[in-house]
1. Relative to the present Cα-Cα distance, how much length would full extension add between residue 80 and residue 141 at 0.36 nm per residue of separation?
2. For a protection proxy built on the mean count of beta-carbon atoms within 10 angstrom, sort 99-110, 126-137 highest first, please.
3. Can you tell me the length gained on complete extension of the stretch residue 62 to residue 116, counting 0.36 nm per residue apart and subtracting the Cα distance?
4. Can you give me the distance in nm between label points at residue 132 and residue 93, each placed 7 Å from the Cα along the Cα-to-Cβ direction?
5. Using only the Cα atoms of segment 77-143, what do you get for the radius of gyration and for Dmax, in Å?
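No value in this document is a laboratory result; all are computed from the given coordinates. Since the model is a prediction, treat every value here as computed from it, not as a measurement. Backbone-built Cβ (ideal geometry, glycine too); neighbour counts: all protein chains shown.
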């Protein structure tokens with residue numbers, strides 16, 4: 001777009017990203033829309049001011065995943081957070097504060113975590129209290145799950 005900020009990665013080769021830590025399901029499951037050809041305008045409706053074009057929706061091409069290396073200014077997100085959880089762009093102050101505090105992008109949080117954030121905001125609105133970062137992390141915290149089954153015993157599965 002005309003008037004865009006210069007992008008830091010323009011003209012530079014993309015560095016390979018190690019995504020070996022990502023579960024196979026996320027790496028191997030293609031988007032149901034990735035095989036579509038032509039325009040995708042019929043799949044979306046516009047929610048922004050048409051006189052100001054400041055973001056766009058892109059369907060990932062075949063072979064790209066949410067864990068893929070994306071270009072500058074691109075934020076991959078799960079479709080479900082907009083369709084079923086009530087999220088809208090731009091993200092509000094609390095959502096941005098949580099992402100910054102955790103040093104993650106929206107795509108790095110599991111949809112369940114995004115649902116907890118949304119539920120917290122809805123609850124605060126119902127109780128007529130201000131949703132703050134401190135209050136959110138008083139109610140919720142991150143916890144690494146323990147291995148289950150054979151992995152907990154240090155054995156690999158035989159499947």
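1. Between residue 80 and residue 141, full extension yields 19.7 nm more.
2. On the way: 99-110: 14.0, 126-137: 11.8.
Highest mean packing first, the order is 99-110, 126-137.
3. Stretched out fully, the residue 62 to residue 116 stretch lengthens by 16.4 nm.
4. 1.2
5. 11.3, 30
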